[in-house]
Amino acid sequence: MSSWIIRHKHLVLWLAVTGGLGWWLSWVLFEAEDKTVLLPGITTDGHHQIEMECHACHTNEEKENIFTSSGVTNESCIACHGEELEQASDSHPIRKFRNPENAIFLEHIDAMNCITCHREHNEKITNPMAVTVPGDYCAHCHEVTLENLESHRDLSFKSCATAGCHNYHDNTALAPSFLLKNYGKPEHLPERILPATNPLTRWMDQGHEPRKPLREKDADAPVQHQTDSQITADWHSTAHARAGINCRDCHGVPATGDWVTKPDHTSCAACHEHEVDGFLQGKHGMRLAHKRLGPMTPANARLPMRPDAPHAGLSCNSCHEPHRYDRQFAAQEACMKCHDDAHTRHYENSPHHNLWKLELTGDLPAGSGVSCATCHLPREEHGGAIIVNHNQNANLRPNEKMLRNTCMTCHSQQFAMDALADPHLIERNFTGRPTTRHPGIGWTVESAIKRGDEDIIKLQRYLESLSNTPQSN
């Protein structure tokens, strides 16, 4: 036997290496949590948090715990992005291209499949927003635009997606009717107050009975867990205690009565379902939406983060401190514990932060300050209730998504569009004024005047009269 091995040593070595490599790859594929070695290339910024959960996208093959297809179906993309597209009134839904009149456009670009424009693991061709087609792809279908619109004749198709212009999926804030409706308003609106939230009212509207406010001595944690009086005092100072929410409502398992030392987001979802759903959709919580992935940490991020917070796993309690649930802390200080980019660092010297400080001291009414959460966790109406959207990416890319639900709460659309189109102003956290004027509204107004829109003509004359009025000293 040994002589045979010696005679065929090269074959034996090849079999040993091949067998060992095959065993290792099988272990990585089926058992290991870290499957980085299997990635065919770098994942985009939007998906790198879940790149180890291959099944999140590769779902073609119906086999347990394994994918075998190299493709990604539309259904896989829509599972995460469908609700967002529906809310945005998707400008290019698949049904548009099922219309025989539009079939001709499919000869140039296959608009029926998400992966035509969004392909993963190919860094060399990946542009902002994970777009992997050339930046002038609009030209395939919209060449006549340059011929028909005088204002666009000198523009490049690569400029279509400039902030405040066109987006493939979401143009809700850029429709001519919306631009004209908000034309002529002052840079700073007279009423600049965020709508108030009231989760208790929403909770009771869901059929829950009202409860009596609780005192510190009413805390129902087991005796062995009541070892820190500060925890009880923190809990008693919150809206939870005032609403009758006791320790076991968060720490207890309803079916068994067991005590959970560190409740996770599933406990919060019992009362804050919408908030938790949003959290799991954004980068902060998207890993927790997949059971085999741990929480996101600042070390996983591709944005600059503070070096002293690399391994803090993000959960609801990361921003809403356990037992205190201080919303003011969560609105600003919690963000700055981790983020360390230029936009974040400039916040404390910005006009927005000055407003936030005045609100905290009571010199301005509640809802008039501008914290990190004001812009990145906007308040939205759902079924008559005002809810904070905890998907911090929902209005971030492209940034003109902020126009409707954030910027235009306080500013005119023109001023907001000018600001969002100025990258240097964004970096300074909007300290100063926009350096350029975005032409989009001007073009829309000019077009309305040419077609004889009487309301816009009257408004334009009024605005011109104001600008020609001599200013008194």
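Please compute the contact order of region 127-242 in relative form: average sequence separation of alpha-carbon pairs under 8 Å and at least six residues apart, divided by the residue count, as a percent.
Reported as a whole number, the value is 13 percent.
Could you tell me the calculated FRET efficiency between Thr261 and His108, based on Cβ-Cβ distance and R0 = 45 angstrom, to the nearest 0.05?
0.15
Going by a ≥ b ≥ c, the root eigenvalues of the Cα gyration tensor, does region 196-261 fall in the rounded group (a/c under 1.5), the prolate group (a/b larger than b/c) or the oblate group? Each step should come with its number before you reach the end.
Numbers: a/c = 2.39, a/b = 1.40, b/c = 1.71.
Oblate, since a/c reaches 1.5 and b/c is not below a/b.
Is the C-alpha gyration tensor of region 123-177 telling us rounded, prolate or oblate? Criteria: a/c under 1.5 is rounded; beyond that, a/b larger than b/c is prolate, otherwise oblate.
It is oblate, given that a/c is not under 1.5 and a/b is not larger than b/c.
Which of rounded, prolate, oblate describes the chain, given a ≥ b ≥ c as roots of the alpha-carbon gyration tensor eigenvalues and a/c under 1.5 marking rounded, otherwise prolate only if a/b is larger than b/c?
Oblate is the answer for the chain, as a/c is 1.5 or above yet b/c matches or exceeds a/b.
Below 10 angstrom from the Cβ of Arg211, what's the summed charge of the other residues (Lys, Arg +1; Asp, Glu -1)?
On the way: positive: Lys212, Arg242; negative: Glu209, Asp249.
Residues close to Arg211 contribute a combined charge of 0.
Let me check against my output: what whole-number percent is the relative contact order of region 332-374, with C-alpha pairs under 8 Å and at least 6 apart?
Working: 30 pairs, mean separation 15.7, N = 43.
Computed value for region 332-374: 37 percent relative contact order.
Could you give the nm distance between label points at Phe178 and Leu146, where each point is 7 Å from its Cα heading toward the beta carbon?
The two pseudo-label positions are separated by 2.8 nm.
What order do you get for 264-277, 123-136 when each peptide is scored by the mean count of other beta carbon atoms within 10 Å, highest first?
Averaged packing, sorted descending, gives the order 264-277, 123-136.
Per-residue counts of other Cβ atoms within 10 Å, averaged by peptide: what ranking do you get for 408-418, 337-347, 176-186, highest first?
Descending mean neighbour count gives 408-418, 337-347, 176-186.
In percent, how large is the relative contact order of region 196-261, given Cα pairs closer than 8 Å and 6 or more residues apart?
Answer for region 196-261 is 32 percent.
For n ≥ 4 DSSP H runs only, could you compute -39500 (n - 2.57) per run for the chain, divide by its residues and tell me the 222 nm figure to the nearest 500?
So the calculated ellipticity at 222 nm is -9500 deg cm²/dmol.
In debye, nearest 20: dipole of the chain around its Cα centre with unit charges on the Cβ of K, R (+) and D, E (-)?
For the chain, the charge dipole is close to 520 debye.
Computed from the coordinates by the stated procedures, all read-outs in this text should not be read as laboratory data. Note that the structure is predicted; figures quoted are calculated from it, not measured. Note that we place each Cβ from the backbone using ideal geometry, even for glycine, and neighbour counts take in every protein chain shown.
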